[in-house]
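S.K.: Here it is, the structure in full.
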Amino acid sequence: MDNYQNITIKKDFWEKVAGIKEKYIHLVLIATKPDIIKQAPLIFELKKQKLPFMVGHTGQHKDWNLSGGLEQEFDIDADFNLNIEGTFYQKVSQIIDRLGWIVDEAKKRGKIMLPYVHGDTATAMAGAVGSYVNVASVAHVEAGLRTFTPKKEIFNKILDKFDFESYRQSLLGNNNWIKGSREPYPEQFNTRVAETAASFHFASVELNAKCILEEGFESDRVFTVGNTVADSIKMVEEKAKDSTIFDKFPILKDGFIRFCIHRRENVSSFHRFTTIVDSIEQIISMGKNVLLISLPATEYALKEYDLKEKIENLAKINKNFIYSPVWPFYTDVIAAMKKATLFVTDSGSMQEEANILGIPCATLRFNSDRSESVMAGANIIAPPINSGLITKIVLSADDHREMANVPSLYGQNVSQKIVNIVEDILSKEDAFRFEQEKLGYSKEPYWKKGGSEF
């Protein structure tokens with residue numbers, strides 16, 4: 001293990017692997033704050049069904065607010081941590097190498113690791129590659145995320161004359177959208193790579209499943225199940241009633257607009273980021289209660305564009321503005337979210353959470369990889385072209401009853417569906433199939449048995 005000394009592994013890990021009777025070991029990979037939240041219900045379901053499973057953390061998010069607090073809250077005790085570090089490409093290569101080593105070592109002990117990778121993170125992409133090169137499959141949870149962008153004439157029309165309801169109506173359905181974008185970067189790359197290594201594609205909505213099928217993946221391994229974040233919310237809703245977050249931020253009880261900005265394309269563009277910050281300032285000046293949740297990427301941009309002092313001063317002189325680092329516990333997040341009148345975000349998960357909780361959402365991008373929520377009327381695109389446009393869209397969407405009343409798109413008991421589907425398939429055939437298995441010839445009497453590992 002000389003080349004893998006940076007991996008933290010529980011003392012009895014390999015003994016535990018060797019002692020498992022079953023051929024397959026469910027391996028739930030966690031890495032970032034969103035996928036810890038969304039993978040937690042899967043861990044709970046595997047535990048509930050008493051199936052052989054392990055949890056692996058890649059170390060993509062490390063600190064208390066982004067990882068440690070959630071692990072404590074959801075009682076997650078990872079069996080190993082890859083402890084990745086360095087530049088983006090170094091982290092990706094480390095996940096492939098270190099996870100690949102763990103999958104390979106398990107194979108030497110007669111066990112097949114079946115990683116559950118989530119969504120569009122670097123861990124989903126690199127974890128899928130690390131498994132695939134070992135002829136091992138992954139289950140891709142939240143598969144098929146594809147970005148759709150409104151046609152330019154839709155934006156031009158609202159820039160020429162602002163009419164919120166006309167704009168919102170033009171985005172309903174899929175007639176005025178174009179599929180395909182590099183944004184969000186690198187998430188669109190990540191999810192597409194993960195797809196190619198997956199033997200199980202678990203789509204949140206039919207639109208995602210349709211995209212996967214159009215790209216040529218095996219139709220009998222594509223499933224529309226909903227999104228596990230619906231289960232995550234259900235897990236903490238009761239506890240959220242006793243949250244103390246309002247003791248710390250009492251103005252949130254009276255309703256507020258929640259801002260979150262962290263996508264690379266927003267924080268790496270001076271124009272896009274400063275346009276959003278200018279809009280936040282305008283909305284604060286109008287007396288609206290505003291909460292800005294600051295993530296590491298937000299902090300980077302505030303410092304890079306010399307806006308940190310401006311935001312801090314806004315928080316000092318305006319009692320209706322809270323500038324806060326990300327909170328460690330999902331219970332507090334959900335408790336506060338339920339009091340919000342609008343989410344304004346470039347996050348993917350928040351677009352889903354908004355719809356599930358019945359809160360209108362405005363997405364600070366030119367497009368969305370959760371465009372189903374816009375097409376259904378629960379969400380609206382607020383393109384960062386100029387601050388005035390963002391402000392008008394935000395004020396129009398704030399506490400918008402029709403947007404709030406769109407039924408949840410993301411299902412329930414999603415984790416149970418995923419685990420049941422995987423177990424059903426594994427009871428009949430292997431996860432990783434070459435063409436003879438897929439076509440069924442390997443089961444015919446004339447097919448010679450045997451083979452070799454490579």
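S.K.: Which of the numbered conditions does residue 238 fail, given that it passes all the others? Conditions: (1) without any contact (Cβ under 8 Å) to a residue 12 or more places away in the chain; (2) in a loop (DSSP other than H, G, I, E, B).
M.R.: Failing condition for residue 238: (2).
S.K.: Given (1) out of contact with any Cys (no Cβ under 6 Å at 6 or more places or on another chain); (2) under 18 Å from residue 166 (Cβ atoms), identify the lone condition not met by residue 379.
M.R.: (1)
Here's the yes/no breakdown for (1) touching a Lys or Arg at 6+ places or on another chain (Cβ under 8 Å); (2) farther than 24 Å from residue 88 by Cβ; (3) in a loop (DSSP other than H, G, I, E, B):
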| residue | (1), (2), (3) |
| --- | --- |
| 11 | no, yes, yes |
| 14 | yes, yes, no |
| 21 | no, yes, yes |
| 26 | no, yes, no |
| 35 | no, no, no |
| 38 | no, no, no |
| 44 | no, yes, no |
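S.K.: In the list 220, 163, 120, which residue meets the criterion of being free of Cβ contacts under 8 Å to residues at least 12 places away in the same chain and within 30 Å of residue 430 (Cα to Cα)? Outline the logic, then answer.
M.R.: Details: 163 fails: within 30 Å of residue 430 (Cα to Cα); 120 fails: free of Cβ contacts under 8 Å to residues at least 12 places away in the same chain.
Just one listed residue meets the conditions, 220.
S.K.: Scan (1) polar (S, T, N, Q); (2) touching a residue at least 12 places away in the same chain (Cβ under 8 Å); (3) in a helix (DSSP H, G or I) for the single condition residue 442 breaks and write down its number.
M.R.: Among (1) polar (S, T, N, Q); (2) touching a residue at least 12 places away in the same chain (Cβ under 8 Å); (3) in a helix (DSSP H, G or I), the lone unmet condition for residue 442 is (2).
S.K.: For region 2-48, give me each residue that is farther than 30 Å from residue 296 by Cα and within 26 Å of the chain's Cα centre (by Cα).
M.R.: Applying the first criterion (farther than 30 Å from residue 296 by Cα) to region 2-48 yields 2-3, 11-26, 45-48.
Selection gives 24, 25, 26, 45, 46, 47, 48.
S.K.: Before we move on, is residue 268 of a type in the set (S, T, N, Q) and in contact with a strand residue (DSSP E or B) (Cβ under 9 Å, 6 or more places away or on another chain)?
M.R.: Taking the combined requirement at face value, the residue does not satisfy it.
S.K.: While we're here: If I ask for residues that are small (Gly, Ala, Ser) and in contact (Cβ under 8 Å) with a residue 60 or more places away in the chain, which ones from region 334-354 would you list?
M.R.: Applying the first criterion (small (Gly, Ala, Ser)) to region 334-354 yields 335-336, 340, 347-349, 354.
If the condition is that a residue be small (Gly, Ala, Ser) and in contact (Cβ under 8 Å) with a residue 60 or more places away in the chain, then 335, 336, 340, 347, 348, 349 are the ones that fit.
S.K.: For residue 152, state whether it is of a type outside the set (Asp, Glu), surrounded by fewer than 23 Cβ atoms within 10 Å (Cβ to Cβ) and in the same structural domain as residue 193 (by TED's automatic domain parsing). Spell out the reasoning first.
M.R.: On the way: of a type outside the set (Asp, Glu): yes; surrounded by fewer than 23 Cβ atoms within 10 Å (Cβ to Cβ): yes; in the same structural domain as residue 193 (by TED's automatic domain parsing): no.
Judged against the criteria, residue 152 is not a match.
S.K.: In addition: Cβ-Cβ distance below 8 Å, separation of 6 or more or different chains: which pairs start in region 386-409 with a residue that is farther than 15 Å from residue 372 by Cα and end on one that is of a type in the set (Phe, Trp, Tyr) and surrounded by fewer than 19 Cβ atoms within 10 Å (Cβ to Cβ)?
M.R.: Matching pairs, first to second residue: 389/162; 392/162; 392/164; 393/164; 396/164; 397/164.
S.K.: Picking from 88, 80, which residue would you name as being touching a residue at least 24 places away in the same chain (Cβ under 8 Å), over 15 Å from residue 4 (Cβ atoms) and out of contact with any Cys (no Cβ under 9 Å at 6 or more places or on another chain)?
M.R.: On the way: 80 fails: over 15 Å from residue 4 (Cβ atoms).
Going through 88, 80 in turn, just one is touching a residue at least 24 places away in the same chain (Cβ under 8 Å), over 15 Å from residue 4 (Cβ atoms) and out of contact with any Cys (no Cβ under 9 Å at 6 or more places or on another chain): 88.
S.K.: Restricting the search to region 245-276, which residues are more than 30 Å from residue 147 (Cα to Cα) and either in contact (Cβ under 8 Å) with a residue 24 or more places away in the chain or under 22 Å from the mean Cα position of the chain (by Cα) (or both)?
M.R.: Going through region 245-276, the residues more than 30 Å from residue 147 (Cα to Cα) turn out to be 245-255.
Listed by number, the residues that qualify are 245, 246, 249, 251, 252, 253, 254, 255.
S.K.: Given the criterion over 30 Å from residue 419 (Cα atoms), free of Cβ contacts under 8 Å to residues at least 24 places away in the same chain and β-branched (Val, Ile, Thr), identify the matching residue among 154, 158, 178. Full working, then the answer.
M.R.: Working: 158 fails: free of Cβ contacts under 8 Å to residues at least 24 places away in the same chain; 178 fails: free of Cβ contacts under 8 Å to residues at least 24 places away in the same chain.
It is 154.
S.K.: Here's something else I'd like to know. How do the strands (runs of 3 or more DSSP E) wholly within region 293-380 filter down when requiring 3 or more residues that are among the β-branched types (Val, Ile, Thr) and under 20 Å from the mean Cα position of the chain (by Cα): which remain? Walk me through how you get there before you give the answer.
M.R.: On the way: elements: 321-325, 340-345, 361-363.
Because the criterion is at least 3 residues that are among the β-branched types (Val, Ile, Thr) and under 20 Å from the mean Cα position of the chain (by Cα), no strands (runs of 3 or more DSSP E) in region 293-380 meet it.
S.K.: Moving to a separate point now. Taking the criterion of being polar (S, T, N, Q) and free of Cβ contacts under 8 Å to residues at least 24 places away in the same chain, would at least one residue in region 357-377 satisfy it? Give the derivation first.
M.R.: Pass one, region 357-377, residues polar (S, T, N, Q): 363, 367-368, 371, 373.
When the remaining residues are screened for being free of Cβ contacts under 8 Å to residues at least 24 places away in the same chain, the result is 363.
Yes, region 357-377 has at least one match.
The values are calculated or read from the model by the stated rules, or taken from the named source; none is laboratory data. Just so we're clear, the structure is a prediction, and the values are computed from it rather than from any experiment. Here the Cβ is made from the backbone with ideal geometry for all residues, glycine too, and neighbour counts use every protein chain on show.
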